[in-house]
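Trainee: The structure that follows is given in the form of C-alpha cells.
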Amino acid sequence: MDIILRKVRIKDGEGLKDVAIEKGKIVAIEADIQGTAEREINADGRVLIPGLIESHIHLDKALIADRLPNKSGTLWEAIEVTGKLKPTFTREDIEERARKTLMMLVKKGTTHIRTHSEFDPTQGFTGFETVMKLKNEFKHLIDIQVVAFPQEGIFKCPGTEEMMYQAMEMGADIVGGIPYNDMPAKDHIDLVFEIAKKYNRPIDFHQDFKDDADGITIEYVCEKTIKEGFEGKVSVGHLTSLGALPKERLQPIIELMSKAGVSVMSLPATDLHLGGRKDEYNVRRAVTPVRALRDGGVNMCLASNNIRNAFTPYGNGDLMQIAMLAIPVSHLGGADDLPTVLPMITSNPAKALGLKDYGLEVGKNADLVLLDTKAVSEAIIDIPDRLFVIKNGKIIVETEKNVKVNF
Ligand SMILES: [Zn+2]
C-alpha cells in the first residue's frame, strides 16, 4: 500500500480506524489494518475528513484589493471599481494572482473548486484562457470546474452572447449567469438554459444578491429547472434576498427550490461586507437564510466567493474560516446545528458539483485532510491546522508544528 493513516477519528462516538490508500484510491477502512505501507502516519485519534470543496470562487479577480478602493462598500461600487481595473489585467498578472490563490486554497486542504471565470468584449478571454490553462496545470493538486461567467450581463453588454457559446466550445464545464445584472432577467435565464441544453452542462447563477426581495427571479429559475428537466443540475450563489422575506412568502419558495433540486452556495464573507450598507442602525446581516433552506431540504453549501478585492477585501483561502463565520451569522452554533456545518464545505458541495468519486469511503478517490483536532464536532470551531493534505493518494501538504510554550 502507498499510505496508511493509523488511528484516525472519522465519526465521534465510534472507534478509531486505519485508512489505507493505494493507487490514488481509498482501499480499506478498518479498525486495525494488517500489513505495511510506504508511508505510515500515526494520527493518534485526530480527525480525518474528505477534502474541502470551494464551490464558488473567482480566481481571476482575487488579490487586487490594494489597487483601487471600494469606498462605499456597496455591490455596485465593487462592480464599478472592478470594471475599471479589468482592462488593466494582463495574462501574466491574472496568472500570478490565480496561482497564488490556488496555492492558498491547497494549503488549507481544499481539493476541489468551482471557479467563475468571466469574460466580456472589452477584456476578451484573457482571464478565461488563463484559468483554463491553470485547470490543467494544477490537476495533480486540485480539481477545478470552470464556469463561463458573464459578470457584466449578456444583453446589456453586446457581444457577450456569442462569447458564452465560444467559452463552452473552449471547454467551460458549467454555464454561468447573473440575472440581477442584466435586463430582461428572464431572457438572461432562458438563454443560459438554452446554452446548457445545447452543451449538456450544469448551470450556476449568481442569484438575487440584494438586501431586499424586489424583483427576485429564483422562482422563475426553479420553474425553468423543472420544465427543462434540470433537477439537481442547477446551483445558485448568494440568494441573500430570501433573507428579507417573511416566513409565509419564503416557505413556498423553499419548497419549490427543494422540488427543483437547486443547490445554494451561501457566501457570507462577501454578503456581510457588501450587504446592509444603507442601514444606519440595526444593520441587517443580509445573508442567505441558511437554516430555513437547510431545514426545507435544500442542499446548502458555504463558499468564499472572493479573496481580497472590492467585493471582499479579506480572506486567506481557508474554508474553515468561512464556515466559522457562518456559525454565528447564520445561527448555526446550536447543538443540532453545528454538525450540519462541516458537510456544507465537504459532502454538500460534492453533491452540488456532481462529484462521483468523492468521500471517505472505500473505492473513492483518496482526497483527504488530517486535522489537528480530536473531535469531529470541533472540526470547525477549532479552525485546526491541516496536518496532511492528500490529493489523488499523494501527500501534497505536510504541516510541521514547532510551538514552544514557556509557562
Ligand atoms: Zn461570485
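The values are calculated or read from the model by the stated rules, or taken from the named source; none is laboratory data. Small disclaimer: the values here were computed from a predicted structure and weren't measured. Cβ: placed from backbone, ideal geometry, glycine included. Neighbour counts: every protein chain shown. Note: accessible area is taken over every heavy atom of the protein model, side chains too, but ligands, DNA and RNA are not part of it. Shrake-Rupley method; radii C 1.70, N 1.55, O 1.52, S 1.80 Å.
Trainee: Of the numbered conditions (1) more than 12 Å from the chain's Cα centre (by Cα); (2) closer than 14 Å to HIS56 by Cα; (3) of a type outside the set (A, V, I, L, M), ASN282 satisfies every one except a single condition; which is it?
Mentor: Against the list (1) more than 12 Å from the chain's Cα centre (by Cα); (2) closer than 14 Å to HIS56 by Cα; (3) of a type outside the set (A, V, I, L, M), ASN282 comes up short only on (2).
Trainee: Looking at LEU272, LEU242, which one is within 16 Å of the ligand (Cβ to nearest atom) and either more than 16 Å from the chain's Cα centre (by Cα) or at pLDDT below 95 (or both)? Spell out how you get there, then give the answer.
Mentor: On the way: LEU242 fails: within 16 Å of the ligand (Cβ to nearest atom).
The unique qualifying residue is LEU272.
Trainee: Can you report the number of residues in segment 309-333 which are farther than 18 Å from VAL106 by Cβ and open to solvent by 40 Å² or more (accessible area, probe 1.4 Å)? Quick ask: steps written out before the conclusion?
Mentor: Initial filter on segment 309-333 (farther than 18 Å from VAL106 by Cβ): 309-314, 324-333.
Then keep just the ones that are open to solvent by 40 Å² or more (accessible area, probe 1.4 Å); that gives 313-314, 324-325, 328, 331, 333.
Qualifying residue count for the region: 7.
Trainee: While we're on this one: Out of the residues in segment 289-319 that are within 13 Å of the ligand (Cβ to nearest atom) and among the β-branched types (Val, Ile, Thr), which is nearest to ALA213 (Cα to Cα)?
Mentor: Among them, the one singled out is THR312.
Trainee: Looking at the structure I just gave you, is LYS197 out of contact with any Asp or Glu (no Cβ under 7 Å at 6 or more places or on another chain) and of a type in the set (Lys, Arg)? Give the derivation first.
Mentor: Details: out of contact with any Asp or Glu (no Cβ under 7 Å at 6 or more places or on another chain): no; of a type in the set (Lys, Arg): yes.
So LYS197 does not fit the description; no.
Trainee: If you don't mind, there's one more thing I want to ask. Sort out for me the strands (runs of 3 or more DSSP E) sitting completely within segment 1-83 that have 1 or more residues that are open to solvent by 10 Å² or more (accessible area, probe 1.4 Å) and modelled with pLDDT of 95 or more. Quick ask: steps written out before the conclusion?
Mentor: On the way: elements: 3-8, 17-22, 25-30, 39-42, 48-50, 52-57.
Hits in segment 1-83: 3-8, 17-22, 25-30, 39-42, 48-50.
Residues checked against (1) of a type in the set (Gly, Ala, Ser); (2) open to solvent by less than 30 Å² (accessible area, probe 1.4 Å):
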residue: GLY124; (1), (2): yes, yes
residue: THR130; (1), (2): no, yes
residue: ILE154; (1), (2): no, yes
residue: GLU169; (1), (2): no, no
residue: ILE178; (1), (2): no, yes
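Trainee: Separate question: Within segment 334-363, can you find the residues that are of a type in the set (Gly, Ala, Ser), more than 17 Å from the chain's Cα centre (by Cα) and open to solvent by 50 Å² or more (accessible area, probe 1.4 Å)? Even if it seems obvious, please write down each step before you answer.
Mentor: If we filter segment 334-363 for residues that are of a type in the set (Gly, Ala, Ser), which is where we start, we get 334-335, 347, 350, 352, 354, 359, 363.
When the remaining residues are screened for being more than 17 Å from the chain's Cα centre (by Cα), the result is 334-335, 363.
Scanning segment 334-363 gives a single hit, ALA335.
Trainee: Given (1) free of Cβ contacts under 8 Å to residues at least 40 places away in the same chain; (2) out of contact with any Ser or Thr (no Cβ under 7 Å at 6 or more places or on another chain), where does CYS222 come up short, assuming only one miss?
Mentor: That leaves (1) as the condition not met.
Trainee: Could you please let me know if VAL362 is modelled with pLDDT under 95 and of a type in the set (Val, Ile, Thr)?
Mentor: Answer is no for this residue.
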